[in-house]
Every structure is written in C-alpha cells, then in structure tokens.
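The values are calculated or read from the model by the stated rules, or taken from the named source; none is laboratory data. Everything quoted here is computed from the prediction, not taken from an experiment. Ideal geometry is used to build each Cβ from the backbone, glycine not excepted, and the neighbour counts take in all protein chains shown.
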Amino acid sequence: MSVSPAALWKFARPHTIYGTAVSLIGLYLIASGPFTPAGAGALLLAEASCLCANVYIVGLNQLTDVEIDRINKPYLPLASGEMSTTSAIVLIVGLLAVGLALAVVGGPFLTATVGVSALIGTAYSLPPLRLKRFPLFASLCIFTVRGLVVNLGIYWYFRHLANQPVGLDPGVTGLALFVTVFTFVIALFKDIPDMEGDRRFNISTFSLRLGRRYVFDLCCTLLVANYLLSPLITATAGSLGRAPLMAVAHLLLAAFFWWQSRRIDLKNDAEVYDFYQFIWKLYYIEYLVYPLFWLS
C-alpha cells in the first residue's frame, strides 16, 4: 500500500519533529558557539539520527494506540486508514535501524542518546511494560528523554567532537533543568483533550484521576513558576550576569502564557488541543532564546 507524503507527515507528528530539530540547534550553539563547516556536519548527522528515532517513537505509539486514536485523534493516518499497519511497521523499523547506524557513526554520546531514547520510547508503548498505562511512569518517560537524555547527551556529543571537556557545564545544566519541568508540563497536558479515549481503553492518566480543571491549573502554575525561577537557576548554575536578561525574557513569556491560558474553554477539546500546540511553540522558543542569552 502506497502512503502519501501528507500521511507520512501526520504520522511523524510534526510538533515533535520541530521540537527535536530546534533543540539540537540550540544545544549546538551552547556547546560549540557559532556554526563552522565541521560543526554543521556534526549537527546534520545528529539531526538525521535523532529525527529517525523521533519518528520511531511516535510511530510505535500510534501502532499500539490505533483504537484509542480513532476516538482521540481520528485524523492520524493509522486511525483514519490512510496508512496500513504493515507500512507503519516497515517504516519505523527501518528508521530505527538508520537512526542507530548514523548514531554509531557519530560516536558514543550520540549512540547512547539515540539508543536510550528508543529504549524508553519502546517501554512507554509496548507490552509487557507499556508504561503509558501509569501516569507517573508515562510522565517520567517523556521528561527523562526530552529533559535529560537529549539535552545532556547531545551537548556532550558536540563537546566530545570538538575535543572540549565533557561535564555538567552551567549552560546545559540550567537549560536541562528548565526543559525537564517544561516537558513534565507537556506530559501532563497532552492527556487533557484525550480523556474520552483513555477512559474507554483503561489508560490511567492524571487528567482522569484528578480532573481536567485540576490538571490544567497545575500545568499553568508549574510552567509560570518554571519561567519565574529560571533566572535563579541560571545564576546558581554559574551565570549571574545573564540572570537579569533571562528574567525579563521569561517574565514576558510567562505573562503571555498566563494571559492565553485564561481564555481557554476547558469544555472545548479543540481549544484545549490548540493550547497544547501553543505550549509546544513556547518550547521551541526556549531553544532559540536560551542560546541567545548564553552566547551574548
């Protein structure tokens, strides 16, 4: 069965693709500074490897959630019938193989990053573990990969290739802590518009256990607190001079986020999902803003 480019793009979950791509650019700038020909080559290799792993993880999740997605996300290609199960399996297995092969070419840090991310993504979706059934473990999988594994692993990959010391430097420490909290919010929020399908198929989430309003307010509070505390984290990590600029930027982002959050009708799943996509856009911005302040 042939698969259209539009179906492939939906299968790849574009918001996660953008998140992976922009995070690697930000980490390169923090680790290596301005682009060089050699650095650009290393970045392209990392992008190709990590994006292959990204599609493997989100694709595997769709393969194991077809019935749930027919309720929660009927526009996805497996749920809608635009893509066959066989095509999806061939695609994700092939991409995982290519991603791991490219990672091995990149060296031990890229291999570890891609390998650990793929293992956690597999444990998240596949039986017998299928950690997504348990809200705490599901959140732990998401923020561990995007908050810690990717930030530290890719940063060390760039440092290693540039023959620079590998360690918990202030630039990546502050970013990793900030993004860990941010991705925890994403992990909590993503289940709010999916409550109906999760309820029918016995997928326990914080939204089902605690209620939509409670989780929404918790996410908003955590994200605003994360923005307001980030200058302190930056200063503690060893960059006191950058803290005032970080404070101004994050105060503006926090105010804009809070203003948008007050306009959402929680009974409207479409509005809630659009707001979820807005949170992802703030995630992208962080990987552009943070290096700008760090390199200034």
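So which pairs qualify, if the first residue must be in the stretch 83-110 and over 11 Å from A53 (Cα atoms), the second must be modelled with pLDDT of 95 or more and among the β-branched types (V, I, T), the Cβ gap must be under 7 Å, and the two must be at least 6 apart or on different chains?
These pairs meet every condition: V104/T111.
Here is a list of conditions, (1) within 19 Å of S207 (Cα to Cα); (2) out of contact with any Lys or Arg (no Cβ under 9 Å at 6 or more places or on another chain); (3) assigned to a helix (DSSP H, G or I), and A254 meets all of them except one; can you say which number that is?
Answer for A254: the failing condition is (1).
From the residues in the stretch 21-41 that are surrounded by fewer than 16 Cβ atoms within 10 Å (Cβ to Cβ), modelled with pLDDT of 90 or more and not aliphatic (A, V, I, L, M), which one is nearest to I154 (Cα to Cα)?
The extreme case among them is G41.
Which of the helices (runs of 4 or more DSSP H) found entirely inside the stretch 123-189 contain at least 2 residues meeting this: in contact with a Cys (Cβ under 6 Å, 6 or more places away or on another chain) and under 28 Å from Y227 (Cβ atoms)?
Filter on the stretch 123-189 gives 170-189.
Quick test of your reading of the structure: S87 fulfils all but one of (1) touching a Ser or Thr at 6+ places or on another chain (Cβ under 7 Å); (2) surrounded by fewer than 22 Cβ atoms within 10 Å (Cβ to Cβ); (3) not β-branched (V, I, T). Name the failing condition by number.
Among (1) touching a Ser or Thr at 6+ places or on another chain (Cβ under 7 Å); (2) surrounded by fewer than 22 Cβ atoms within 10 Å (Cβ to Cβ); (3) not β-branched (V, I, T), the lone unmet condition for S87 is (1).
Is there a residue being outside any loop (DSSP other than H, G, I, E, B), modelled with pLDDT of 85 or more and touching a helix residue (DSSP H, G or I) at 6+ places or on another chain (Cβ under 8 Å) anywhere in the stretch 233-241?
No: zero hits.
Within the set of pairs 6+ apart or on separate chains, which have a first residue in the stretch 5-31 that is within 17 Å of Y287 (Cα to Cα) and touching a residue at least 12 places away in the same chain (Cβ under 8 Å), a second that is polar (S, T, N, Q) and in a helix (DSSP H, G or I), and C-beta atoms under 8 Å apart?
Close Cβ pairs satisfying both conditions: H15/Q277; T16/N54; I17/N54; T20/N54; S23/N151; L27/N151.
Looking at the stretch 95-115, is at least one residue surrounded by fewer than 18 Cβ atoms within 10 Å (Cβ to Cβ), among the polar types (S, T, N, Q) and either at negative phi or not in a helix (DSSP H, G or I) (or both)?
No, there is no match, as no residue in the stretch 95-115 is surrounded by fewer than 18 Cβ atoms within 10 Å (Cβ to Cβ), among the polar types (S, T, N, Q) and either at negative phi or not in a helix (DSSP H, G or I) (or both).
Residue-by-condition table, conditions (1) at pLDDT 95 or above; (2) over 20 Å from the mean Cα position of the chain (by Cα); (3) part of a helix (DSSP H, G or I); (4) under 17 Å from I285 (Cα atoms):
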residue: S204; (1), (2), (3), (4): no, yes, no, no
residue: R209; (1), (2), (3), (4): no, yes, yes, no
residue: F216; (1), (2), (3), (4): yes, no, yes, no
residue: Y227; (1), (2), (3), (4): no, no, yes, yes
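Please state which one of V149, V145 is touching a Ser or Thr at 6+ places or on another chain (Cβ under 6 Å) and surrounded by fewer than 21 Cβ atoms within 10 Å (Cβ to Cβ).
V149
Just to be sure, is G106 farther than 14 Å from G153 by Cα and out of contact with any strand residue (DSSP E or B) (no Cβ under 7 Å at 6 or more places or on another chain)?
no
Given the conditions (1) without any contact (Cβ under 8 Å) to a residue 12 or more places away in the chain; (2) on the phi < 0 side of the Ramachandran plot; (3) of a type outside the set (F, W, Y), which single one is not true for D191?
(1)
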